[in-house]
Amino acid sequence: MKISTTIKFNSPDAPDVARKVALSLKPDNLTNMETMIGEEQASITIRTEKISSMIATVDDLLMNAKIAEDIIKEVEDENEL
C-alpha cells in the first residue's frame with residue numbers, strides 16, 4: 001500500500017520565509033520526496049509504503065523546518081540591526 005502526505009508551509013505575511021525553509025530542507029530530500037515552491041506557499045510531498053517510515057520522516061522534517069525557520073528569523077533580525 002502506498003501512503004502519501006503533503007506538508008504545506010503557508011506564509012502570506014512572509015512568503016519568502018516559507019520558500020527559504022522549503023529550500024533549506026530540499027537537499028535532504030530522498031527519492032520519495034518532492035518539494036514545490038509557489039507564490040505564498042511551499043510544499044513537500046512524501047510517499048512511502050510504511051506508516052512508521054512516514055511518521056519518522058514527517059517528524060524529522062518538521063523538526064528541521066522549525067530549526068530552519070528559527071535560523072532564518074535570527075539572521076533577518078540580525079541584519080536589521
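Things worth noting here:
- Residue identified as in contact (Cβ under 8 Å) with a residue 40 or more places away in the chain and more than 11 Å from T5 (Cβ to Cβ) among K20, K66: K20
- Considering residues of the stretch 37-53 that are open to solvent by 70 Å² or more (accessible area, probe 1.4 Å) and at pLDDT 90 or above only, the residue nearest to the chain's Cα centre (by Cα): R47
- Condition check for L62: open to solvent by 40 Å² or more (accessible area, probe 1.4 Å), at pLDDT below 90 and either assigned to a helix (DSSP H, G or I) or not small (G, A, S) (or both): no
- Test for A56: is it modelled with pLDDT under 90 and either open to solvent by less than 70 Å² (accessible area, probe 1.4 Å) or part of a helix (DSSP H, G or I) (or both): no
- When T5 is tested against (1) open to solvent by less than 70 Å² (accessible area, probe 1.4 Å); (2) of a type in the set (S, T, Y); (3) not in a strand (DSSP E or B), just one condition goes unmet, and that condition is (3).
- Matching residues, the stretch 31-59, being hydrophobic (A, V, I, L, M, F, W, C) and in contact with a helix residue (DSSP H, G or I) (Cβ under 6 Å, 6 or more places away or on another chain): I37, A42, I46
- R19 vs. criteria in a helix (DSSP H, G or I), surrounded by 13 or more Cβ atoms within 10 Å (Cβ to Cβ) and of a type outside the set (A, V, I, L, M): yes
The values are calculated or read from the model by the stated rules, or taken from the named source; none is laboratory data. Fair warning: this is a prediction, and the values are worked out from it, not measured in the lab. Backbone-built Cβ (ideal geometry, glycine too); neighbour counts: all protein chains shown. When the accessible area is computed, the model is the full protein with side chains, heavy atoms only, and any ligands, DNA or RNA have been set aside. Shrake-Rupley method; radii C 1.70, N 1.55, O 1.52, S 1.80 Å.
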